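Reading through the structure tokens given below for one structure.
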Amino acid sequence: MSKRGSAPTLEDVAAEAGVSRATVSRVVNADPRVSESARERVLAAIDELGYAPNRAARSLVTRQADSIAVVIPETDARVFSDPFFAGTLHGIATALSRTELQMILVMGQPDDGDGRLSKYLRGGHTDGAIITSHHRRDEFWRTAQAAGLPVVFLGRPFAPVPGMPYIDVDNAHGAALAVRHLLEQRRTRIATIAGPVDMVAGADRLAGWRGELRGAGLRDDAVAHGDFTAAGGRAAMEALLASHPDLDGVFVASDVMAVAAMEVLSAHGRSVPDDVSVVGFDNIDTAAEATPALTTIVNPIAAMARQAVGLLLGLMNGDVVPAAVTLSTELVVRDSSIPTSRR
């Protein structure tokens, strides 16, 4: 707070950092003419004082329409090939269509190694951000926090971030539903193709699979990790067949990987579902179109996207919003999991 007890101003930040008001303005608006040392002092002062740029004033400076950023720390090849991101962006765009806000897509490498995401978030180009596909080592959200930018995580972060709520699906419960269904098909050697270990969705789905197997008194050592891509699913399925040839069921942490895994099983002469039952996660369109049609767990992507927008708009308006919202999920049974003898 400023000495007057009101919200800190640009002048307060300038005094704290020992720079001019113009320098603070340039830092807030990502002007490259500011030296690195001055920029660091200004960002430290912003963090110390809790300064948040005024939306209306920033719009006058940047001459940009109001917008929110959808921040995805993934390569463009991954973003434009994965149906999860298409569903997420469509859901956010639909929710924003009832407002005057524009959606801006911001992509970058995980870990923000080139600083692209951090530079954008501290630049004053947007009024808020939705972060999805968050990885354990991602730290760019700290820049948004220091700049007072409202942020919502779509997907639970590894550790709670005060003032940054999240919306997520109950991934562990979804994985448990998948294993429970495989057990009902009398499968006793159930493997998993897990997601990345540095993402909460991957960790939670693995935990749900493991907990259900242990509760049934079955082994939980048949694990291979993928990266939520088709190539990752193929490689993981090859590894599982090599190390656990006796497997008779597989829970796969995404539909994209599951469809690829079924292709590998077929290439090895393993019939799905008679030899191996397969269950995926997400319920994307490809799941119903696969051969055989894929049993899967519903990931309510559109609902999550809508609620993420609602939380963010609440933060931007100064409302009190829930720190966390977790949506339930369900099993969709198709041909890939039920042996023909049990139909």
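The values are calculated or read from the model by the stated rules, or taken from the named source; none is laboratory data. Keep in mind it's a predicted model, so treat the numbers as computed, not measured. Neighbour counts run over all protein chains shown; Cβ positions are idealised from the backbone, glycine included.
The condition of being under 28 Å from the mean Cα position of the chain (by Cα), within 28 Å of G87 (Cβ to Cβ) and without any contact (Cβ under 8 Å) to a residue 40 or more places away in the chain holds for only one of G249, G233, G226, G202, that being G226. Taking the criterion of being under 18 Å from N171 (Cα atoms), small (G, A, S) and surrounded by fewer than 20 Cβ atoms within 10 Å (Cβ to Cβ), the residues of region 272-314 that qualify are A302, A303. In the set (1) on the phi > 0 side of the Ramachandran plot; (2) in the same structural domain as R189 (by TED's automatic domain parsing), the condition left unmet by A253 is number (1). Of the helices (runs of 4 or more DSSP H) that lie entirely inside region 199-305, those containing 1 or more residues that are acidic (D, E), more than 23 Å from F158 (Cα to Cα) and at pLDDT below 95 span 285-289. Among the residues making up region 189-235, those that are aliphatic (A, V, I, L, M) and over 29 Å from I167 (Cα atoms) are I190, A216, L218, A222, A235.
For region 302-342, the set of residues classified as of a type outside the set (A, V, I, L, M), more than 20 Å from the chain's Cα centre (by Cα) and over 20 Å from D66 (Cβ atoms) consists of R334, D335, S336, S337, P339, T340, S341, R342, listed by residue number. A Cβ distance below 8 Å, combined with a sequence gap of six or more or placement on separate chains, defines the contacts here; from region 302-322, residues that are farther than 15 Å from L89 by Cα reach residues that are part of a helix (DSSP H, G or I) in the pairs M316/R55; V320/G314; V321/L311; V321/G314; V321/L315; P322/L311. Here L218, L247, L213 are screened, and the one residue that is farther than 19 Å from L294 by Cβ and buried (at least 21 other Cβ atoms within 10 Å of the Cβ) is L213. The single condition among (1) surrounded by 17 or more Cβ atoms within 10 Å (Cβ to Cβ); (2) outside the structural domain of G269 (by TED's automatic domain parsing); (3) assigned to a loop (DSSP other than H, G, I, E, B) that A159 does not satisfy is (1). Scan region 177-196 and give yes if some residue there is modelled with pLDDT under 95 and either in the same structural domain as S277 (by TED's automatic domain parsing) or outside any helix (DSSP H, G or I) (or both), otherwise no. There is at least one residue in region 177-196 that is modelled with pLDDT under 95 and either in the same structural domain as S277 (by TED's automatic domain parsing) or outside any helix (DSSP H, G or I) (or both).
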